[in-house]
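The values are calculated or read from the model by the stated rules, or taken from the named source; none is laboratory data. The structure presented is a predicted model; accordingly, all values stated were derived computationally and were not measured. Positions of Cβ are generated from backbone atoms using ideal geometry, with glycine treated the same way; all protein chains shown enter the neighbour counts.
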Amino acid sequence: MKTIVVGYDGSDPAEQALRRAAEIAEALSARLVVASVSGPAYAPAPVSALEPTTELLRPAVPGPVAPGGTAPLPQPAPPEPAPAPAPPEPEELSQRQLEQARALLSSRKVETEYVVELGDPAERLLEVADQRDADLIVVGSREHGFVERLLGRPVDEAIARRSERDVLIAH
């Protein structure tokens, strides 16, 4: 065994997979390829200028005004809340995850390559394994919820079904 590819996303199952892959790579003097795969960047949908907004005009005076009376001055609108910090870009997120992996592997004596990929995790991990002619793919397994099973095959299952290489699913 010369090359092992492991998928890493910072989760507990991924850490277990990374430890297991590192143990095997160290024992067999194999090269370890740690791949962090993030989905494509989120781009908010553009807002049409023709679509109505939720508030067109704010009433100048709340409530009725008595004849000959004075209207109260309109109160300024409360300040807009500060926008939430933007989530990190997918590539930045993968880089952070690889830094975590590097720290976890710092005491290991194994040749390691770190790879950032964008796209579908199962597809990208399989492609990395093909490009590196990997002998083994290691992924973590987690409890799959109903929605995840309904919407698509989890990464560990997709890799196990589609790979022509040996696959180790770490629990």
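Computed quantities for the displayed model
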{"item": "Residues of the range 88-118 satisfying the condition of being under 10 Å from the mean Cα position of the chain (by Cα) and hydrophobic (A, V, I, L, M, F, W, C)", "result": "LEU93, LEU118"}
{"item": "Cβ-Cβ under 9 Å pairs, at least 6 apart or on other chains, the range 86-103 side surrounded by 15 or more Cβ atoms within 10 Å (Cβ to Cβ), far side in a helix (DSSP H, G or I) and small (Gly, Ala, Ser)", "result": "GLN97/ALA14; ALA101/ALA14"}
{"item": "Residue match in the range 132-143 (condition: at pLDDT below 95, exposed (fewer than 13 other Cβ atoms within 10 Å of the Cβ) and on the phi < 0 side of the Ramachandran plot)", "result": "yes"}
{"item": "Of all residues in the range 4-23 being crowded, with 18+ Cβ neighbours inside 10 Å and not in a helix (DSSP H, G or I), the one that is farthest from the chain's Cα centre (by Cα)", "result": "ILE4"}
